[in-house]
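Reading through the structure tokens given below for one structure.
The values are calculated or read from the model by the stated rules, or taken from the named source; none is laboratory data. Just so we're clear, the structure is a prediction, and the values are computed from it rather than from any experiment. All Cβ positions, glycine included, derive from the backbone under ideal geometry; neighbour counts span all protein chains shown.
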Amino acid sequence: MRNEWSTIDSIKGVSPDWEILPLQEFSSPEKNSFVNGPFGSDLLSSELVLAGQPVIYIRDIRNGRYLRKSEVFVTNEKYQTLTACQVNYGDVIIAKVGDPPCESAVYDAHESGIVTQDVIRIRTEELRCSQFIAFILNSDIGKRQVKRIKISGTRDRVSLTDFKKIKFPHPPVSEQRKIAKILSTWDKAITTIEQLLAISQLQKKALMQQLLTGKKRLLDKNGVRYSGEWESKQLSKLGEVIGGLTYSPSDVTDGSGTLVLRSSNVQNGRLSFDDNVYVTCTAPEKSVTRENDILLCVRNGSRALIGKSALLKDQAVGCFHGAFMSIFRAKEPLFIFQLLQSSLFYREVRKNLGATINSINGSDLKKFTFNVPTDKAEREKIAAVLSTADQEISALQQKLDHLKKEKKALMQKLLTGKRRVQIN
């Protein structure tokens with residue numbers, strides 16, 4: 001839905017004292033304050049080295065932050081010859097290429113580097129002004145303005161010349177400072193939760209490795225450590241594989257039919273309903289999803305997505321699942337779900353995938369083999385402990401999602417002047 005506060009004209013009406021300026025006028029007046037990286041012979045691949053001054057690529061700009069992934073450098077001597085393309089602490093770095101292009105971040109490393117030809121660098125008078133530019137470029141209004149000038153292709157991009165000309169609201173610098181400070185505080189809170197979430201996920205991964213291999217044995221209800229045998233079992237002995245529904249485009253409706261669960265409905269081991277498809281056709285009763293079924297991706301254009309799964313609850317019950325998915329209807333779904341989330345399962349997936357075909361057929365899936373405790377009580381205890389870890393991760397994820405949603409709403413108000421900040 002179109003947001004009434006996402007147009008330049010509406011901002012003029014709400015905040016008439018704000019200027020509307022070309023982006024180039026946000027940069028400092030010094031020479032080379034708004035540039036992209038060196039082209040062609042100015043920086044050859046043979047001049048890239050393993051140590052020296054860092055080279056900044058578009059892959060280093062992620063989710064509004066500078067997150068260095070590249071381990072590419074130039075010598076200090078080469079760095080000195082590229083003064084126009086240098087990037088320093090507090091500069092804005094922007095991806096010229098992407099979906100969408102112009103994702104932005106403030107360069108917060110204290111070691112100066114150079115940007116590549118697909119990265120734009122803007123230098124401002126102070127850090128808060130740089131933060132303001134990054135926030136507005138990453139906002140809805142920023143994306144809307146960029147969309148007007150992007151050059152479509154295999155990868156969308158913008159030209160530096162056009163990018164300099166697009167217009168944005170330019171509050172007084174005192175307001176820019178205050179807006180940037182407020183939104184940076186939200187970013188710090190988001191970063192804290194992201195770090196806690198990453199730690200919890202790593203801890204759960206390590207716990208799975210210990211519990212699902214028998215390296216660590218839990219205590220039974222009497223406080224005695226389990227010591228029973230483990231046995232080798234194929235998935236065919238642990239449940240039933242149910243193939244997905246093939247439907248035609250004419251079966252798809254606008255939301256009045258039955259939900260078809262697809263790969264996009266599984267995100268990080270959880271169900272997501274942001275991208276749904278509904279159909280009017282029918283399916284065998286056996287194929288209709290039930291509570292605690294495990295939805296499993298068995299075919300996908302992306303090899304990395306094969307094997308991802310989610311446990312079905314609530315809204316996902318009574319649905320169909322697409323032809324690229326399977327349902328695993330387990331005898332002990334909570335334990336099997338944890339098994340299917342583990343590295344043990346993904347090792348079986350990798351063994352089964354061919355060189356070019358990104359799929360697992362049902363007969364092969366049934367043959368996946370695992371060692372499991374013979375004692376049902378131990379299996380249930382393992383599932384309970386790992387499910388508790390999942391609940392903690394889910395709570396952190398929900399908190400993170402809420403913070404991001406609230407920050408986005410606040411950005412929309414602050415960056416358009418709908419909510420004005422108080423200047424002391």
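Within segment 361-378, residues that are more than 20 Å from Lys215 (Cβ to Cβ) and touching a residue at least 12 places away in the same chain (Cβ under 8 Å) have Cβ atoms under 6 Å from residues that are part of a strand (DSSP E or B) and of a type in the set (S, T, N, Q) in these pairs: Lys367/Gln234, counting only partners at least 6 apart in sequence or on another chain. Search segment 409-424 for residues being touching a helix residue (DSSP H, G or I) at 6+ places or on another chain (Cβ under 8 Å) and outside any loop (DSSP other than H, G, I, E, B), and hand back the single one that is farthest from Ile133 (Cα to Cα). The selected residue is Leu410. Of the candidates Ser174, Ser236, the single residue that is assigned to a helix (DSSP H, G or I) and within 20 Å of Gln341 (Cβ to Cβ) is Ser236. Is it true that some residue in segment 63-83 is closer than 26 Å to Lys167 by Cα, among the β-branched types (Val, Ile, Thr) and either surrounded by 15 or more Cβ atoms within 10 Å (Cβ to Cβ) or outside the structural domain of Lys418 (by TED's automatic domain parsing) (or both)? Checked against the condition, which is being closer than 26 Å to Lys167 by Cα, among the β-branched types (Val, Ile, Thr) and either surrounded by 15 or more Cβ atoms within 10 Å (Cβ to Cβ) or outside the structural domain of Lys418 (by TED's automatic domain parsing) (or both), segment 63-83 yields no hits at all.
I'm checking my understanding of the structure. Among residues of segment 174-190 that are touching a Lys or Arg at 6+ places or on another chain (Cβ under 8 Å) and free of Cβ contacts under 8 Å to residues at least 60 places away in the same chain, which one is nearest to Glu25 (Cα to Cα)?
Going residue by residue through segment 174-190, those that are touching a Lys or Arg at 6+ places or on another chain (Cβ under 8 Å) are 175-177, 180-181, 183, 186-187, 190.
After this cut, where a residue has to be free of Cβ contacts under 8 Å to residues at least 60 places away in the same chain as well, the list is 176-177, 180-181.
Working: Gln176: 14, Arg177: 17, Ala180: 18, Lys181: 21 Å.
Going through the qualifying residues, I end up with Gln176.
If you check Lys216 against the conditions, is it assigned to a loop (DSSP other than H, G, I, E, B) and modelled with pLDDT of 95 or more? In short, yes. Summed over segment 214-239, residues that are in the same structural domain as Ala383 (by TED's automatic domain parsing), basic (Lys, Arg) and surrounded by 11 or more Cβ atoms within 10 Å (Cβ to Cβ) total 2. The residues listed here are Arg270, Arg299; of these, the one that is of a type in the set (Lys, Arg) and closer than 24 Å to Gln398 by Cβ is Arg270. The C-beta contact set for segment 387-401 (first residue in a helix (DSSP H, G or I) and surrounded by fewer than 17 Cβ atoms within 10 Å (Cβ to Cβ), second residue among the charged types (D, E, K, R) and modelled with pLDDT under 95, distance under 9 angstrom, 6+ apart or interchain) comprises Ser394/Arg270.
Tell me which residues, restricted to segment 291-338, are among the small types (Gly, Ala, Ser) and either under 25 Å from Glu380 (Cα atoms) or crowded, with 21+ Cβ neighbours inside 10 Å (or both).
Those that are among the small types (Gly, Ala, Ser) and either under 25 Å from Glu380 (Cα atoms) or crowded, with 21+ Cβ neighbours inside 10 Å (or both): Gly307, Ser309, Ala310, Ala316, Gly322, Ser326, Ala330.
Among the residues of segment 292-326, the ones that are part of a loop (DSSP other than H, G, I, E, B) and either closer than 15 Å to Glu240 by Cβ or of a type in the set (S, T, N, Q) (or both) come to 6 in all. When segment 158-177 is limited to residues that are surrounded by fewer than 19 Cβ atoms within 10 Å (Cβ to Cβ) and farther than 27 Å from Val14 by Cα, the one that is farthest from the chain's Cα centre (by Cα) turns out to be Thr161.
Restricting attention to strands (runs of 3 or more DSSP E) lying wholly within segment 17-126, give those where 3 or more residues are of a type in the set (A, V, I, L, M) and in contact (Cβ under 8 Å) with a residue 60 or more places away in the chain.
On the way: elements: 19-22, 34-36, 53-56, 92-95, 104-106, 113-115, 119-122.
Correct list: 119-122.
Only one of the numbered conditions (1) of a type in the set (Phe, Trp, Tyr); (2) in contact with a helix residue (DSSP H, G or I) (Cβ under 8 Å, 6 or more places away or on another chain); (3) modelled with pLDDT under 95 is violated by Tyr226, and that is (3). Residues in segment 94-114 that are within 21 Å of Tyr79 (Cβ to Cβ), surrounded by 15 or more Cβ atoms within 10 Å (Cβ to Cβ) and among the hydroxyl-bearing types (Ser, Thr, Tyr): Tyr107 only.
Taking Val87 as the residue in question, decide whether it is closer than 23 Å to Lys188 by Cβ, in contact with a helix residue (DSSP H, G or I) (Cβ under 8 Å, 6 or more places away or on another chain) and of a type outside the set (D, E, K, R). Can you show your working first?
Numbers: closer than 23 Å to Lys188 by Cβ: yes; in contact with a helix residue (DSSP H, G or I) (Cβ under 8 Å, 6 or more places away or on another chain): no; of a type outside the set (D, E, K, R): yes.
Taking the combined requirement at face value, the residue does not satisfy it.
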